Amino acid sequence: MESTTDLTQWLPEDVFVAVLRRLAPHGLAAARCVGKAWRTVIDARRLLDLFPPSLAGIFINFFDLEISEFFFWPPRDTDTAVSGRLDYVAPTENDDTCIMDHCNGLLLFCTYVANPATRRWAPLPPPPPGFGHDHIVFDPAISPHYEVLDILALPCCTTGVELHHEWPPSPFIMHVFFSTTGNWEERPFARQGDAIGTVAHLKQRVNWCTTQKHSAYWRGQLYVLNQFVMRISLSNCTYQAIEPPVNVARRDRKYCLGRYDQQVEGPWIIENISYNFDHPTSPINLKEAAKVDKFEWNSDNENTLDTRLKVGNAYTGNISILGFHPYKEVIFLNESVDRGLAYHLNSSKLEDLGNIYPKDYFSRHMFVKQAFPYTPCWIGKLPGSI
């Protein structure tokens with residue numbers, strides 16, 4: 001609160017900063033929203049830089065589960081704990097609980113955007129009809145605002161004429177939501193370079209109707225993987241289509257997209273959000289979970305690795321990629337929808353993180369549809385939040 005009712009204005013700035021330094025990330029992010037004077041002090045002293053980029057856990061979409069699960073290791077300081085529960089979202093939106101995309105701490109759902117770290121959310125108006133796959137772009141180091149791209153997928157049903165069209169087209173018409181205006185806008189994106197091929201060629205090469213979409217945002221560019229990679233620049237409305245490696249684009253191949261910028265050794269914990277949604281009297285206790293194991297996961301210490309499966313040994317199980325660690329040379333895997341694994345590229349060792357199987361999960365076809373390694377964002381108020 002600004003004006004004369006803000007008694008902190010009478011404090012020496014060094015004393016005020018010393019008080020702010022004692023706050024946990026949740027509290028410091030909330031304090032930054034009090035008013036311009038508080039925000040100026042926090043930003044000028046770079047107090048949020050005290051909390052370096054971290055990996056809080058992995059959000060996982062399981063087939064036939066309508067709620068995204070959260071796989072994480074309990075932090076020592078429960079004030080920095082992030083939960084995947086969406087109990088702060090308005091009840092009218094609470095049925096929309098399956099994550100579509102993630103970028104730098106923001107989760108994209110069909111009808112809203114949420115920040116689990118600060119427990120804030122903002123409604124998202126529906127995109128124009130006829131489009132398909134949404135991706136979110138957010139860089140808190142540049143702006144508190146975000147954009148959502150609605151990208152047309154290769155149509156499953158086509159006429160004879162459309163089969164001869166090149167794909168992706170130029171210009172490629174996309175719809176973009178800007179949090180600065182709160183509106184969707186139609187934008188043409190010009191292609192730089194060649195198309196991947198014709199619609200007929202691509203439909204023959206891959207089962208496009210069932211292919212999953214992945215994205216990663218890096219240095220102002222959005223990379224979208226859909227059997228080939230689209231590198232999209234929102235600053236000048238251009239894109240480039242990039243072919244996958246030779247002999248990779250086969251029907252039985254699955255691959256993942258991630259970025260690399262430059263935690264207890266099991267057990268990580270599956271939060272069982274879906275189970276707790278149906279059994280609200282049994283939520284996970286983060287304070288008790290933090291006592292399970294005090295050993296901090298350090299991927300630089302190779303002696304801490306539990307080498308259950310060694311590279312080079314024959315293995316007949318089902319291994320798939322969950323995602324990439326954003327700050328370390330680590331790939332997260334899942335083994336038969338049962339165990340979470342971390343593969344350390346520097347040491348070629350595999351670490352068992354713990355059980356990822358959700359409580360009471362059963363389906364005729366049980367598999368991980370999509371996963372999102374989650375990096376918390378503690379900065380500021382979410383534009384348009386309620």
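FYI, it's all coordinate maths here, none of it is from the lab. Just so it is clear, the structure is predicted and the values come from calculations on it, not from any experiment. Ideal geometry is used to build each Cβ from the backbone, glycine not excepted, and the neighbour counts take in all protein chains shown.
The phi-based Karplus calculation (6.51 cos²θ - 1.76 cosθ + 1.60; θ = phi - 60°) puts the 3J(HN,Hα) values of region 116-129 at x, 5, 9, 6, 10, 8, 9, x, 10, x, x, x, x, x Hz, whole numbers, x for Gly and Pro. With R₀ set to 30 Å, the beta-carbon distance separating S54 from S320 gives a calculated FRET efficiency near 0.75.
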